[in-house]
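In what follows, a structure is listed as structure tokens, so that the remarks can point back to it.
The values are calculated or read from the model by the stated rules, or taken from the named source; none is laboratory data. Only a predicted model underlies this, so the values are computations on that prediction, with no experimental measurement involved. Positions of Cβ are backbone-derived with ideal geometry, glycine not excepted, and every protein chain shown enters the neighbour counts. Calculation scope for accessible area: heavy atoms of the full protein, side chains included, ligands and nucleic acids excluded. Shrake-Rupley method; radii C 1.70, N 1.55, O 1.52, S 1.80 Å.
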2 protein chains.
Amino acid sequence: MKKIVIFGVGLIGGSFALALKKAGVETQFVGVGRRLATLERAKELGIIDVASSSVAEALVDADLVLIAAPVAQTGAILASIAPHLQSGTIVTDAGSTKSDVVAAARAALGAKIAQFVPGHPIAGRELNGPDAAIADLYVGKKVVLAPLAENAPEDVERVAAAWRACGAIIHQLTPEKHDGVFAAVSHLPHLLAYALVDDLAKKPHADLLFEYAASGFRDFTRIAGSSPEMWRDISIANQSALLAELDSYLLQLTSMRTALAQGDGAALEAVYANAQRARLNWQQRIESAEKQNKEGGD
Amino acid sequence: MKKIVIFGVGLIGGSFALALKKAGVETQFVGVGRRLATLERAKELGIIDVASSSVAEALVDADLVLIAAPVAQTGAILASIAPHLQSGTIVTDAGSTKSDVVAAARAALGAKIAQFVPGHPIAGRELNGPDAAIADLYVGKKVVLAPLAENAPEDVERVAAAWRACGAIIHQLTPEKHDGVFAAVSHLPHLLAYALVDDLAKKPHADLLFEYAASGFRDFTRIAGSSPEMWRDISIANQSALLAELDSYLLQLTSMRTALAQGDGAALEAVYANAQRARLNWQQRIESAEKQNKEGGD
């Protein structure tokens, strides 16, 4: 590879560059972004070699483009890329939703859609920006690729190989399946945690409530400390899948409300016990997978 | 003090005894419980000095009785205590709900109700039983006392002093206020976490969902790993306060569902941003309080 272009040199894009450099991938890293100070900082930190304010220049002879900017900007970035996209360049992204990104890519890239391979690295930290970027962010983490029917297998493999070089494990899902899965295990929990904290904070005795909140509350609501703008964008971008999961959860809560109102301890216990069992199984599978990854890496 | 009697020598009762011993309180610790093996183990571990299977014998000349058995047993334990309760003995408990315990105490103790000072230590570990008991479980933790109008101030102080000797910080709430607060910050989050895991586990593609659940899901659902029997009892014991909080939360979710269905990102962001702000403030208050506690203790 000669050139990798990264739109958004923060935590996700910056860590991608640092990981590839650490893996010994010899290529030029070009950063593109709206804020010059961020690009300069990324250069200082050794994340990128060149800070570019021209999409046209940046894209000349690029092998791979990663879009790692806030997901709401993806459409505009793809539109700015389209006229300068050479036939040998593959574009991928790191957005948390995929159906909307695919729709935006089809609209922006038109006949060049085969050059876009949608992706989603499942990794993060509570920090943002280039200073938060670390070379081992993706080690042992999943990256979901959601290839299109138009993608050539070797182009999908080029993206997969880059993420594998970062230490990630490649999974594949269709965009629709991806969005359904993450609506359930990520987007809905965020919405529920925000909902609880806001609900308590609006009550007249909120101060008294928060005074007695302890470690269970802290863990349950940790994700309510996430960026409101980012999660607004994700919620709207994944509207229909999130709505389906929320409706399923509302049905579940309504049936538990009935059990509670009737003093039906057995019905509540059945839900609690099934949940405890499922969570324990999940945790054991996670732990054994982590152990295998570690052993494989030694 | 000459004698402290503990019903239930597991994590909560056992840690109370170990903490008082560490603080140099010279008294005889008598354990009472349904399972002889547990009592013998507590004796081996130095938690109690005497294992008793006779409530009548155990209560002779007792200064303080702590009921730290599962909350559903509290009524039966109070009834077994009542006929043997001498006038100089104070009884307290460690139950997670208070209104129902007070009602059970009034029914069981009758004219001796003034000798019962309701309590709730806000501390725990993910382990149970005497082997989980540790001397510093209560250091810097809150203990909420919910005194009755009938309690003499010096009796409330006797209970408070024992918990203070364990390193705890004493708070006071009425039983009703206590139950309202913990319904909101503890009981409802438990119900919501159980609800989500069970909802996902029941879906036909549950395995696929759990495969992509990550650290946000792990923290959000950690409390769904708690004992189903214990949380069934707490839910039913605190039925009316929990129902009120659940209804408030259902209203909140229903209004967020409307915003989502309408694609109203601004309305969702307002909830998310208010929640993020409230949680950040809470976390800062917690951290500054912990710092003060540490400085005070040095």
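Taking every residue in A:228-237 and counting other chain Cβ atoms within 10 Å of its Cβ, the average works out to 5. Computed from Cα atoms alone, the Kirkwood hydrodynamic radius reported for the stretch A:124-253 is 17.5 Å. Atom-type composition of the exposed protein surface of the protein assembly as shown places 52 percent of the accessible area on carbon and sulfur (1.4 angstrom probe).
Label point of A:Ser215 (7 Å along Cα→beta-carbon): distances to the other copies' equivalent points are 1.8 nm, sorted ascending.
A Cβ-based charge dipole, computed about the Cα centre of the protein assembly as shown with Lys and Arg at +1 and Asp and Glu at -1, lands at about 240 debye. Taking chain B as a Gaussian network of alpha-carbon nodes connected by springs under 10 Å, the highest mean-square fluctuation of the residues B:Leu191, B:Leu66, B:Leu251 belongs to B:Leu251.
Per residue, the stretch A:147-208 exposes an accessible area of 36 Å² to a 1.4 Å probe, with every protein chain left in place.
With contacts taken as Cα pairs under 8 Å at a separation of at least 6 residues, the stretch B:177-263 carries a relative contact order of 46 percent. Across the copies of the chain, B:Leu127 has label points (7 Å from Cα along Cα→Cβ) spaced 3.3 nm apart, shortest distance listed first.
Summary value for the stretch B:3-173: 26 percent relative contact order, contacts being C-alpha pairs under 8 angstrom separated by 6+ residues. Dividing the convex hull volume of the alpha-carbon atoms in the stretch A:3-172 by its residue count gives 97 Å³ per residue. Size estimate for the protein assembly as shown follows the Kirkwood approach: the inverse of mean 1/r over distinct Cα pairs works out to 26.7 Å. Stokes-Einstein diffusion for the stretch B:15-65, with the hydrodynamic radius set to the Kirkwood value over Cα pairs and evaluated at 10 °C in a medium of 1.306 mPa s, equals 140 µm²/s. Between helix A:188-201 and chain A there is an angle of about 60 degrees, using the helix long axis and the longest principal axis of the Cα atoms. Legend: mean number of C-beta atoms from other chains within 10 angstrom of residue C-beta atoms, peptide A:186-192, equals 6. Note the angle between two axes, namely the Cα long axis of helix B:99-109 and the longest principal axis of the Cα atoms of chain B, as a number of degrees from 0 to 90, rounded to the nearest 10. Tilt of helix B:99-109: around 20 degrees.
Across chain B, Cα pairs under 8 Å and at least six residues apart give a relative contact order of 16 percent. Chain B residue nearest by beta-carbon to the axis mapping B to A, with distance in Å: B:Asp219, 2. What residue among A:Ser99, A:Ser226, A:Ser52 shows peak mean-square fluctuation when chain A is described by a Gaussian network model with Cα springs under 10 Å? Highest fluctuation of the listed residues: A:Ser226.
For label points placed 7 Å from Cα toward Cβ, what is the shortest-first list of nm distances from A:Leu45 to its copies? In ascending order, 4.6 nm. Rounded to the nearest 10 degrees, the inclination of helix A:239-261 to the longest alpha-carbon principal axis of chain A is 10 degrees. Take the alpha carbon gyration tensor of the stretch B:177-263, find the square roots of its eigenvalues, order them as a ≥ b ≥ c, and report rounded if a/c is under 1.5; if not, report prolate when a/b exceeds b/c, else oblate. Verdict is oblate for the stretch B:177-263. The slack between A:Asp131 and A:Thr258, meaning 0.36 nm per residue of separation minus the straight C-alpha distance, is 40.8 nm. Dividing the radius of gyration of the alpha carbons in chain A by their Kirkwood radius gives 1.02 for Rg/Rh. Note on chain B: with a GNM built from Cα contacts shorter than 10 Å, the maximum mean-square fluctuation among B:Asp247, B:Asp61, B:Asp131 falls on B:Asp247. Taking the Cα centre of chain B as reference, the dipole from Cβ charges on Lys and Arg (+1) and Asp and Glu (-1) amounts to some 120 debye. Restricting attention to the stretch A:119-153, which trypsin sites (Lys or Arg not before Pro) occupy a DSSP loop and are surrounded by at most 16 other Cβ atoms within 10 Å? In loop regions of the stretch A:119-153 (DSSP not H, G, I, E or B), the sparsely surrounded trypsin sites (Lys or Arg not before Pro) are A:Arg125.
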